[in-house]
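Before any comments, here is the structure.
The numbers here are math on the coordinates, done by the rules we state, and not lab data. Everything numeric in this text was worked out from a predicted model, so none of it was measured. Here the Cβ is made from the backbone with ideal geometry for all residues, glycine too, and neighbour counts use every protein chain on show.
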Amino acid sequence: MKRDASCFHANGPSVRNQVQLITYVDRLAGDLDRLKELLDREWSGLFGGVHLLPFFTPIDGADAGFDPADHTEVDYRLGDWDDIRVLGEHLELVADLIVNHISSDSPQFKDFSEHGAASPFAGMFLTYDRVFPSGAREEELLRIYRPRPGLPFTHVTLKRGENRLLWTTFTPQQIDIDVKHAEGQAYLKTILKRFQAAGVKMIRLDAVGYAIKKPGTSCFMIPETFHFIAELTSQAHALGMEVLVEIHSHYRQQLEIARQVDWVYDFALPPLILHTLFTQDARALGQWLSTRPQNCITVLDTHDGIGVIDVGAGSNGEPGLLAPREIDHLVETMHARTKDQSRMATGAAANNLDLYQVNCTFYDALGRRDNEYLIARAIQFFAPGIPQVYYVGLLAGVNDMDLLARSRVGRDINRHYYTPAEIESSLQKPVVQKLLELVRLRNAHPAFAGQVDVETQSDQTLVITWNNAEHWARLFVDLSEPRALLTHSNLAAEPSTSIGAWDSRHESLLRR
């Protein structure tokens, strides 16, 4: 099926059609100066942009920076806003707008705790009675969609002695914001303006699906949520920034939201690629690649786990991209290939916030099989959209069982703190060197700005072909071996009949 998959943005120039890096500053480089040095030297020209995971004060709170006490300040241990601006002079920056909540250590919440209703920030924090002024029936509470066990409320005794029931979607330290209140709206606008001043190109709306609470609904991705996202997107556009929406949900909901925003994640891609390699069956992946949104940010791994809800059935029983038995096989195969390390980090085993995700590195999910890992990355880079590569995945990182044992936070298994020596050693691994070659090819080849054709010639083969005038690139995947063959027109001035070929079995980039 041919589709025009060139990247564009209706309101102006879009982000570069090149691979982006996703990284914590401190866990990869230590600080912003060292990150810039790494990107300018060792990885010069490798990325068109970088998604800086939360760099706000503090980076080491209850949720690895996703619980900011001050969303408008750079954690001093990383640098300052000038460092962010300098980094953005050559790379397109993506930053998180943490929409749903703020830390209980924030100045705003501390003022509310001390002064109660007299605080100017009292209306900023969402309380139980704000949503359910007349109380809630059991049925209403059970309808609330949850990313973790239990109800989304935390009992808090304010400093002034008042007992309140606060809405806390994730952890007790992450207090939900009333985004419809004037103070909540002013808070978000302040962050947007700070991002604009720092040269941020794209904002990622973190946890935005939970932002609107309405009695009698699931309080997740309801019609009012779509309206709120549209308003926030309009504000971002007015400041020259594009919007990436982060939603884990049924694939039909992804199709719907993709029509209304600049960018969405293709969170179905990672489990579908794993399923394809595990079962040697390309049908589900081929069907999804032929129907999915085109304005996608593609990932295999992120700071979170590998989602399974994105390929599963809907809340009302709508069929998913994979059947329940296929999802069970997918999860159990990951556990088996990681020798049960992922099981130790998933579900109720390790204080997980998100029970619908499997926690492990993508490299470990494949059993550290270099050939299959490179095939997975090649499929990701050939899928329409902007590819992002997580820093651990870039270095073919393995599960950090020591960090998991210390923190008892499941997602830390895939959030390793790299030393300079570890980075240097990882870059010498053949699988990493070949991955970097694939990144450079994806960035440079003109074919990826054209049209894409996805074909499953049989249950065990997948063919993705890009064409743009005289330029072309073709990925042929034979799952029976497994093997991938990547061929493309020459990037040099020679006739386009001269091609380069990459064969995953030999992990080499060949010229012929």
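Per-structure values
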item	result
Computed lengthening from Arg130 to Glu73, 0.36 nm per intervening residue step minus Cα-Cα distance	17.6 nm
Computed E for Glu89/Arg34 - FRET, C-beta separation, R0 22 angstrom, nearest 0.05	0.80
Value at 222 nm in deg cm²/dmol, rounded to 500, when DSSP H runs of n ≥ 4 in the chain each add -39,500 (n - 2.57)	-9000 deg cm²/dmol
Where labels lie 7 Å past Cα in the beta-carbon direction, separation of Glu256 and Met401 in nm	4.3
Residues with amide H under 5 Å from that of Ile297, placed H, sequence gap 5 or more	Val264, Tyr265, Asp266, Ile386
Residues Glu470 and Arg143, FRET efficiency given R0 of 56 Å [Cβ-Cβ distance, rounded to 0.05]	0.50
Considering only the chain, percent of DSSP beta bridges that pair antiparallel, nearest 5	60
Normalised alpha carbon radius of gyration of the chain [divisor 2.2 N^0.38 Å]	0.96
Total formal charge among the other residues, if their Cβ is under 11 angstrom from that of Ala258, Lys/Arg +1 and Asp/Glu -1	0
Inter-label distance, nm, simple model (7 Å from Cα along the C-beta direction), Lys339/Thr291	4.0
Helix 223-238 axis, angle to the chain major axis (alpha carbon atoms, nearest 10°)	70
Amide hydrogen neighbours beyond the local backbone of His101, cut-off 5 Å, H modeled	Ile177
Intensity falloff of segment 54-176 expressed as log10 I(q)/I(0), Debye formula with alpha-carbon point scatterers, at q = 0.18, 0.19, 0.21 Å⁻¹	-0.99, -1.06, -1.19
Gln280 versus Glu231: modelled label distance in nm, points set 7 Å from Cα along the beta carbon direction	5.5
